[in-house]
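Shown next, in structure tokens, is the structure this report addresses.
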Amino acid sequence: MTRWLKENLWRHITGVVMCLFALFPLYLVVLSSFNESGSLQVSSFYPKDISFANYQVLFNDERIPYLTWMKNSLIISGFVAMTSVIIGAASAFAFSRLKFQGKRFGIQLLLLIQMFPAILALSALYVIMERVYKFAPGLGIGTQAGLILVYLGGAMGVNIWLLKGFVDSIPAELDEAAKIDGASAMQTYWQIFVPLAAPVLAVVSLLSFIGTFNEFILARLFLIEVETRTVAVGLQQFIGGQFSENWGPFAAGSIIASIPIVVIFLSLQKYIVSGLTAGSVKG
Amino acid sequence: MLSGLIRGKVALFIKIALVALSTAVLLTLSQSAFAKGEYVIAGFLFIVILLINYTYFSKRTVPLKFFLPGIILLAAFVLTPILYTLVMSTYNYKTGNYISKEEALSRIQALALEPDANASAFDIVVGEFQSTPAILVSDINNNSYFISTPKEKIALDATKVEIDEYQVAQSAEGFTALESGDISSSAAAKKRYFFDGTYFIVVENLNVGAVFRQSLEYLPEQDVFRSLITGDIYRDNNNGNYVNENNQDDFLEPGWRDPSWLTNYIRLFNDERVRDPLISVFIWTVVFATLTVLTQFAFGLLLALALNKPIRGRRIYRSILVLPYAMPSVMSILIWGGMFNTEFGAINEILGRDIAWFQDPTFARVAVILVNLWLGFPYFYLVSSGSLQAIPSELLEAAAIDGANPRQIFRKVTLPLLLQILSPLLIASFAFNFNNFNLIYLLTGGGPRNQLDGEIAGATDILISYTYQIAFGNNLQDLGLASAISVLIFFLVASISLYGVRKSKVLESFS
């Protein structure tokens, strides 16, 4: 017994303390989402009277198109995740498997432009998309299509880089065999590589989904109309002043918005960690 | 064989259809861009069309077939903005100097209005007369009515106009009024209407026109403005403004963006109003990133060590511990912001204090580090426990046989190995936190800052949020200076990351 204490007690103490630290804000959010008072307070550590008023506000209040925001977020993130991985996978394949001039330069350039902080190109992006708006109002500033295009551009660097790491780890024997059998690069790509890499592509697209779902600054800059906003922007404005500090509905809203992300994350934990160690940090 | 052939045909058909479709869409866009005078964008789109068609119909461009869509997106939305930022950093691009010189010229002329001695204003109706834009003016004080077009003034007989109860003319023969909804956007509202030759009438709003005369005259041969009132000459100062020859402080609004070459960069080092805040922000950025990485790594490693043994409940611990990392960070940061609220926040409530967390520089900094610890320790827990398992157990056993106690084994064997494995990730994390805009922006907004003194840099501002404040903040917006700082940050982060890459030797496989 004492031996057990000596060996394992500190482990459990560390674990419990850190778990409490990790859970504290989350528990508080859950608590205040069921509390009508509208602040992030701990009036008691257990819910006294559970009220669903905050959730009802989200779904019924006309000033808060929460469902539309959620839909916008899911559509934008989903589209970006799928498209950027389809496009990125082709580039990653070429970087990983094809031989051509300037490959090393290309990879270095990719690394380099990835280091330019995207936020700092914000003003330039704004000016460009403002000009696009002049001749194509459906694509320029203020539109979701424009935002998606910008996201796709931004996702390229990270995704090609991440995918390349994964592709490198897929044994090359198979596609070399296909090459010997006379398959062209395109055939190798579609018939050997894509089926083999499908799980990896799925993981990277989910990572991309999470990243886009989390994006805030560009979305806020681009989406001016309340109805076009994403859930992150919508909820931020919600406590930012427009409705004064209204934590109850915010808490309810962020819980609902977080559930899909947390579920994706927990179920893919293993892959995500290996993907992250391959060279990127979640934003 | 046959199925392969069919599939080949189908693939070819899909390819042609896709190329044709994207060509058609891009061509339409390119044309409308050209029509609106956006020649650069039109040209870019046209080159893209050529590239697409060449790449997918030629046999020689195999790698490019894979790269092209990615390259186009990168070029349009990553590379171009970066280059644009570089160019902006050599301009005096700031509040008051946003527009091009041509726009500034016409704006200065439009704004150079001098009211007449009595600041006369009339009730008007905007409309058309003999199919030219015109206004129907009611000079109530003199009981006179007239129609004014840009070229002439047509006096009306007071008895022949329809007036309302305020003696304002509503309609006259030959005059058609515009719908009030159309006026503000119509060209008619921007015209100058004839009054007496020197003075003219400008539409102030829906139904008021005021009498002005031109106060400045542009002399294109000399590229100067001459004041029609005092005769002063305003000359281009080569820094985006027309400045009065006799008085350096008197310049015309608005200015325009003008190349200022390295001025913005020189300001970073020479102008103390720019340099001093920049230095203190830079120091805090480094401190913040270092402390963040250290605390996150320390707690992550501690947990990894504690849970490195199959103790009871390890899986539960693990699932709970990754939750902060799995939550969308925007939400978590905002939630923490609420918890630090002075009056209603949970943290003060638990501590039983009234700490104004975000009003005091030290407390605000502590809060920022604490929140970032919460956000990031699970990541280091995950990667450290992975790396712990990657350390060969023979090494540890050998050390134990040599008589090392657990503490010695950890300090002399485990930790150095771990640091070696994780150093690229530590560097990457440092680089990421160096630019952790979301955290600062959403938690403290960079504050507290002394806004009364016009201070832009707040106590928790890191370089990137400071730059954002300079470019888009509430005070004077200076895109040129912000771009110059952006370029500086780029070099800093690029050197940190390149150092990290070299450490992890990622590039080795291509050499």
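Observations on the model:
- Whether chain A is rounded, prolate or oblate, judged on the alpha carbon gyration tensor where a/c under 1.5 counts as rounded: oblate
- Relative contact order of chain A, defined on C-alpha pairs under 8 angstrom at six or more residues apart (%): 30 percent
- Global form of the protein assembly as shown, assessed from the alpha-carbon gyration tensor, a/c cut-off 1.5: prolate
- Extreme residue, positive dipole direction of chain A, given options A:81, A:102, A:125 (C-beta unit charges): A:102
- Inter-chain Cβ neighbour average for residues A:10-18, partner chain, 10 Å: 6
- Rounded percent of accessible protein surface that carbon and sulfur make up, chain A, 1.4 Å probe: 65 percent
- For the listed peptides B:62-68, B:112-118, B:235-241, a ranking on the average number of other beta carbons within 10 Å per residue, highest first, reads B:62-68, B:235-241, B:112-118.
- Checking every one of the chymotrypsin sites (Phe, Trp or Tyr not before Pro) in the stretch B:326-376 against DSSP loop status and a limit of 16 other Cβ atoms within 10 Å picks out B:344.
- Karplus-derived HN-Hα couplings along the stretch B:361-378 (A = 6.51, B = -1.76, C = 1.60, θ = phi - 60°), whole Hz, x at Gly and Pro: x, 5, 4, 4, 5, 4, 4, 4, 5, 4, 4, 5, 4, 4, 5, x, 5, x
- Amide proton proximity set for residue B:163, modelled H, under 5 Å, gap of 5+: B:170
- Cα gyration tensor, the stretch A:43-140 - rounded (a/c under 1.5), prolate or oblate: prolate
- Shielding score for B:404-417, defined as the mean number of other chain Cβ atoms within 10 Å: 0
- Distance between the C-alpha centres of the stretch B:452-502 and the stretch B:401-447: 25 Å, rounded to the whole angstrom.
- Whole-number percent relative contact order across the stretch B:113-214, with pairs defined as alpha carbons under 8 Å at least 6 apart: 33 percent
- For chain A, calculated [θ]222 nm from helices alone, where every DSSP H run of n ≥ 4 adds -39500 (n - 2.57): -23500 deg cm²/dmol
- Dipole size of chain A about its Cα centre, with +1 on Lys/Arg Cβ and -1 on Asp/Glu Cβ: approximately 680 debye, rounded to the nearest 20.
- Converting phi to 3J(HN,Hα) with the Karplus coefficients 6.51, -1.76 and 1.60 and the offset θ = phi - 60°, the stretch A:250-256 yields 4, 4, 4, x, 6, 4, 4 Hz in sequence order, with x at every glycine or proline.
- The protection proxy used here, the mean number of other Cβ atoms lying within 10 Å of each residue, ranks peptides A:24-32, A:177-185, B:207-215 as follows, highest first: A:24-32, B:207-215, A:177-185.
- Accessible-area rank, largest first, for B:148, B:106, A:205: B:106, A:205, B:148, with all protein chains present and a 1.4 angstrom probe.
- Where trypsin sites (Lys or Arg not before Pro) fall in DSSP loop in the stretch B:109-204, at most 15 other Cβ within 10 Å: B:151
- Based on Cα contacts under 8 Å between residues 6+ apart, chain B shows a relative contact order of 14 percent.
- Heavy atoms of residue A:49: accessible area, 1.4 Å probe, square angstrom to 10: 120 Å²
- Candidate aspartates and glutamates for bridging to residue A:71, where Cα separation is under 17 Å - those fewer than 8 sequence places away on the same chain excluded: A:61, A:62, A:215, A:225, A:227
- For the chain pair A and B, the interface hides roughly 8800 square angstrom of accessible area in total, found with a 1.4 Å probe.
- For B:331, A:186, the ranking by accessible surface with the largest value first comes to A:186, B:331, using a 1.4 Å probe.
- Solvent-accessible area of residue B:381, all protein chains in place: 10 Å² (probe radius 1.4 Å, heavy atoms, ligands and nucleic acids excluded).
- The stretch B:311-403: GluC sites (Glu not before Pro) in DSSP loop, at most 11 other beta carbons within 10 Å: B:343
- Rounded accessible area of residue A:247 (nearest 10 Å², 1.4 Å probe): 20 Å²
- P(r), alpha carbons of chain B - 10 Å bins starting at zero, rounded %: 3, 12, 14, 16, 18, 15, 11, 6, 3, 1, 0, 0
- Computed from phi, the 3J(HN,Hα) profile of the stretch B:83-95 under the Karplus parametrisation 6.51, -1.76, 1.60 (θ = phi - 60°) reads 4, 4, 4, 4, 5, 4, 5, 9, 10, 8, 7, 8, 3 Hz, with x in place of Gly and Pro.
- Ellipticity estimate at 222 nm from DSSP helix runs (n ≥ 4, -39,500 (n - 2.57)) divided over chain B, nearest 500: -17000 deg cm²/dmol
- Average other protein chain Cβ within 10 Å of Cβ, residues B:376-389: 2
- This model, with +1 at the C-beta of Lys and Arg and -1 at the C-beta of Asp and Glu, gives the protein assembly as shown a dipole about its Cα centre of some 5040 debye.
The values are calculated or read from the model by the stated rules, or taken from the named source; none is laboratory data. Here the structure is a predicted model, which means the values were calculated and not measured. Cβ: placed from backbone, ideal geometry, glycine included. Neighbour counts: every protein chain shown. For accessibility, only protein heavy atoms count, side chains too; no ligands or nucleic acids. Shrake-Rupley method; radii C 1.70, N 1.55, O 1.52, S 1.80 Å.
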